[in-house]
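These notes concern the structure reproduced below.
Please treat every number below as a calculation from the coordinates, not as lab data. If you're wondering where the values come from, they're calculated on a predicted model, not measured in any experiment. Heads up, the Cβs are rebuilt from the backbone with ideal geometry, glycines too, and the neighbour counts pull from every protein chain shown.
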Amino acid sequence: MIEQLWQRFLAPLIDGLRYATLSSYTWQEPRLLLLIPALPLLFGVRWLLVHRRRPRLDVAFVAGQARRDWSALLRFLPDIVLLFSFAFGIVALARPQRTDERVVQTGEGIDMLLVMDVSGSMELQDLRPNRLEAAKRVGREFIAGRIGDRLGLVVFAGDAYSLAPLTTDYDLLRESLDGLRLGMIANDGTAIGTALGVATNRLRDSRSRTKVIILISDGENTAGSLDPLTAAQLAHAYGLKIYTVGLGQDGTVPYGTDETGRVRFVETRLDETTMRQIAQAGEGQFFRATDNAGLRRVFRQIDTFEKSEIKQTRFRNTKDYYRLYLFCCIGLWLVWLGLKNTFLTNALED
């Protein structure tokens, strides 16, 4: 009997009063909870009003002091019970709830590879702070805007490597992107054809209807054994679309400082013709970004072109938990009514 009473009433009540339980709720009327701290003040005002209006009768006591008894404190018990009844009632009126949300995605995402140049020329500073850091920053923004697409990362200099496989784990992709640095590939150079070959190997077995390569480079093909145009044609044969992004300005651009602290300048040139041919062979588009704002515009445009048709259906199941607190409110109210008819209260005063 005691065990059943514990499981059905006392245990849920104790759990419902825990801070962790109360903080886990969402409240339909949270402002009502602000009334709870005002309850003791309300009872204090009531006591003051009663104390002022109560008629006083002077009584003479015999010598000595009246003995105090702890049982006199019991006269406050009905008010305490009433206060807790009101508090539980306010909690019930605030409507504690928990909502379970389930998201169902329908549709097909896009498989997309970022192919990033990390050769030495990416240190040039016509984009701020340099070409590589600008590309990384915009790449992170691009990843943050994708939903339901599988993305991957290929890096290249004189050689090319697949750094992150196709995945929807965007945190992993951002970590991989943040880890890119100049000199991470020992063999310097610009192996565009090899990079396209590695990307094609990653995407050719994909079952997605749309497969996209975004090639980001600032130079001309100077390394690798695979011709860039041949690699682009091979990628197209596997159904891959290629966007090419040419970074930086042609001519004299800043490149660090010398021993005296003066800015150094070097000559640089992008092989725009080859980049255009690659994009044309892959039925994509070529973009030129000569500054940070231009690079952001390029990625926004690509983001607009390649949108996946992903539909999200949200199912919300909301459960109310006010009944426990309402039952406590009513139960304490009944206890208070019972205490009103005992020696604990002054009938003449009430």
message = How far apart, in nanometres, would the label points at Tyr170 and Ala293 be if each is projected 7 angstrom from Cα along the Cα-to-Cβ direction?
response = 2.7 nm
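Tell me the net charge near Asp169. Cut-off is 10 Å between Cβ atoms, Asp169 excluded, with +1 for each Lys or Arg and -1 for each Asp or Glu.
Within the 10 Å Cβ shell, the charges total 0.
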note = Whole-Å distance linking the alpha carbon centroid of the stretch 109-133 with that of the stretch 241-299 is 9 Å
request  = With a ≥ b ≥ c taken as the square roots of the eigenvalues of the C-alpha gyration tensor of the stretch 110-307, please select rounded if a/c is under 1.5 and otherwise prolate if a/b is larger than b/c or oblate if it is not?
outcome  = prolate
note = Among Ile143, Thr290, Leu226, the residue whose Cα sits farthest towards the positive end of the charge dipole of the stretch 110-307 (+1 at Cβ of Lys and Arg, -1 at Cβ of Asp and Glu, taken about the Cα centre) is Ile143
query = Based on the Cβ-Cβ distance of Arg314 and Arg181, what FRET efficiency does E = 1/(1 + (r/R0)^6) give at R0 = 30 Å, to the nearest 0.05?
reply = 0.15
request  = With a point put 7 Å past each Cα toward its Cβ, work out how far Leu35 is from Glu101 in nm, to one decimal.
outcome  = 2.9 nm
